[in-house]
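The values are calculated or read from the model by the stated rules, or taken from the named source; none is laboratory data. Fair warning: this is a prediction, and the values are worked out from it, not measured in the lab. Here the Cβ positions follow ideal geometry from the backbone for every residue, glycine too, while neighbour counts run over all protein chains shown.
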Amino acid sequence: MRKKRQLTPIGKAVKKRLIEVGKTHRQLAEEIGTSEQYLNSILYGARSGRNYLPKIARILELDLENLQMIA
């Protein structure tokens, strides 16, 4: 039986904010210049997303310092 993947703390913060602003993962991925699959890899911790965090924070109006601290 496969273990269900869990969102990272960054993933939870991003997902919560996406819901608040009414955006989809696909829209965010396009806006930051990556694929939806790569964005999911960031949100689930398979990739660090270090290069994309500033863009994600800016687009979703999140505090970059807080995102980096919970990374």
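I'm trying to understand the selection: among the residues of region 1-23, which are surrounded by fewer than 11 Cβ atoms within 10 Å (Cβ to Cβ) and farther than 19 Å from A71 by Cα?
M1, R2, K3, K4, I19, E20, G22
So, L28, is that one among the aliphatic types (A, V, I, L, M), crowded, with 19+ Cβ neighbours inside 10 Å and modelled with pLDDT under 95 or not? Steps first, answer last, please.
Working: among the aliphatic types (A, V, I, L, M): yes; crowded, with 19+ Cβ neighbours inside 10 Å: yes; modelled with pLDDT under 95: no.
When the stated conditions are applied, L28 does not pass them.
For (1) among the hydrophobic types (A, V, I, L, M, F, W, C); (2) in a helix (DSSP H, G or I), each residue gets a yes or a no:
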{"residue": "K3", "(1), (2)": "no, no"}
{"residue": "K12", "(1), (2)": "no, yes"}
{"residue": "K15", "(1), (2)": "no, yes"}
{"residue": "L18", "(1), (2)": "yes, yes"}
{"residue": "K23", "(1), (2)": "no, no"}
{"residue": "N40", "(1), (2)": "no, yes"}
{"residue": "I56", "(1), (2)": "yes, yes"}
{"residue": "L62", "(1), (2)": "yes, no"}
{"residue": "L67", "(1), (2)": "yes, yes"}
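Among (1) assigned to a helix (DSSP H, G or I); (2) among the polar types (S, T, N, Q); (3) touching a residue at least 12 places away in the same chain (Cβ under 8 Å), which single condition is Q27 missing?
Among (1) assigned to a helix (DSSP H, G or I); (2) among the polar types (S, T, N, Q); (3) touching a residue at least 12 places away in the same chain (Cβ under 8 Å), the lone unmet condition for Q27 is (3).
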